[in-house]
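Below is one structure, written out as structure tokens; comments come after it.
No value in this document is a laboratory result; all are computed from the given coordinates. Note that the coordinates shown come from a computational prediction; the quantities given were computed from them, not determined experimentally. Backbone-built Cβ (ideal geometry, glycine too); neighbour counts: all protein chains shown.
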Amino acid sequence: MLKTSNKTAPSMDTRSDADDVRAGSAQADLRAMGKGLRDTCPRESHADWKPLSDRPDPMHLLEHSNKRRMAELIPIRFGRMVRTSFTFYRGAALNMAADLAVTPTTGLRVQACGDCHLMNFGGFATPERRVVFDINDMDETLPAPWEWDVKRLAASFVLACRNNGFSADAARDAVLACVRSYRERMAEYSRMPVLQVWYSSIDVKKVLDSLTDEEARKRVQKRVAAAQERTVLEHDFPKLAMMAGEQPRIQDHPPLIYHLHGKGREELGERVKEAFVGYRESLQEDRRSLLDRYEPKDIAVKVVGVGSVGTYCAVLLLMAGERDPLFLQVKEARASVLEPYAGKSRHANHGQRVVNGYRMIQSASDIFLGWTLGRGGRHFSICASCGT
């Protein structure tokens, strides 16, 4: 996975013939090194997988992952996981990390997503309202073997095909198309200047031009138009908030969004105030100035995703004016499921680990992306919430 940006890439026309020769030599050396790695980790070694005799029990791993989660939300987590084999797969990143840890690797490490399945990809509007195709979940991000992300992504295609009633041949074709595209894009990037790779992104409108199915093209065009026109005021505010007297308040949608009551609510409010100071300091200076124009008004517990259900997550409502809201999603960041197998993060705060992963991998990260430390030592990442 590679970091990209929406900025216009600088011109590369100043390269001299000598520069090209040196670059070609360096590229040839890298290609030779890559081919040499096949001697120790040939492509055929990835073809088979057999569970070890002492493979951890899958249910024991799930039980282990429930430690320090909100006990009352664990049934929701398991309820979402048991619907299909694919939803189980989404919530079992730790299980697959344990299985991948014993598979062959070349030794080349990248900033891995750690939970790279197809449902973590989609179209997202940038601050400039340009829609890009990108990945959107970095909870498990960590430097790790590149093969792990590719294998988790390929396996997710197989399960998605099975759940949708597609044939084994169709599933095979989908997986081959997936890994072939990865190989071709990596070959393409290897020939590009570093900055050109850094600034690259996948524009959804350009992808539309490649669709030959007219019905599919119209369906995607409709979604792109909706994403571009969407605003927090028109969509998120009436959906997530209401006026309670003269004060805005997040609407309860139990058991997925709800307020704590009594002493628990007061304590949560105090914790948020304390943690918010650290969050503000994690932002760039110009973005602190922007954040300072908003005032926190309300906070509610929020159930997020599948694998994250039961961790401490919340939605925070801030206002800059009577009809000028900002929703922030506060999400607990725990140790990556890759840590036991790929090593500990260099970041002491796992929220910072997550934020670093977003900035390294996404093509256009949220401007309010930051991290903080909560009372009791819990780590959190924070970003602008889309309200879903």
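Computed over the alpha-carbon pairs of the stretch 300-388, the distance histogram in 10 Å steps reads 16, 46, 31, 6, 1 percent, short to long.
For ARG130, enumerate residues with amide H under 5 Å from its amide H, sequence gap 5+ or separate chain, H modeled in the peptide plane. For ARG130, whose amide H was placed from the backbone, there are no distant partners under 5 Å.
Each peptide in 153-159, 247-253 was scored by the mean count of other Cβ atoms within 10 Å over its residues; highest first, the order is 153-159, 247-253. For a quick check, take a GNM of the chain with Cα springs below 10 Å and name the residue from ASN163, ASN66, ASN349 with the largest mean-square fluctuation. Largest GNM mean-square fluctuation: ASN163. Compute the Cα gyration tensor for the stretch 231-384, then decide on rounded, prolate or oblate, letting a ≥ b ≥ c be the square roots of its eigenvalues: rounded whenever a/c is under 1.5, prolate when a/b is larger than b/c in the other cases, and oblate in all that remain. Here the stretch 231-384 falls in the prolate category.
Charged neighbours of GLY36, selected by a Cβ distance under 15 Å, balance to +2 (K, R count +1; D, E count -1).
The slack between LEU211 and LYS67, meaning 0.36 nm per residue of separation minus the straight C-alpha distance, is 47.3 nm.
Can you list residues whose amide H is under 5 Å from LYS297's amide H, if they're 5+ apart or on another chain and H is modeled 1.01 Å from N? Correct list: LEU317, LEU318, MET319. Each residue of the stretch 300-312 was assigned a 3J(HN,Hα) from its phi angle through the Karplus curve 6.51 cos²θ - 1.76 cosθ + 1.60 (θ = phi - 60°); the sequence is 9, 5, 9, 8, 10, x, 10, x, 8, 4, x, 6, 7 Hz, with glycine and proline shown as x.
Between the labelled values (i) 21.4; (ii) 23.1; (iii) 22.4, the entry that holds Kirkwood radius over Cα pairs in Å as derived from this structure is (ii). Note on the chain: dipole from Cβ charges, positive end direction compared against LEU30, LEU94, VAL204; the farthest Cα belongs to LEU94. The P(r) of the stretch 169-211 has a tail past 17 Å containing 52 percent of all C-alpha pairs. Only aspartates and glutamates eight or more places from LYS302 in sequence, or on another chain, were considered; those with a Cα closer than 19 Å are GLU72, ASP137, ASP139, ASP236, ASP252, GLU266, GLU267, GLU270, GLU332. Separation of the alpha carbons by more than 32 angstrom is noted, of LYS239/LYS273; LYS263/LYS344; LYS35/LYS344; LYS35/LYS151, for LYS263/LYS344. One decimal place: the segment ARG191-GLU270 gains 23.1 nm when fully extended, by the rule 0.36 nm per residue minus the C-alpha distance.
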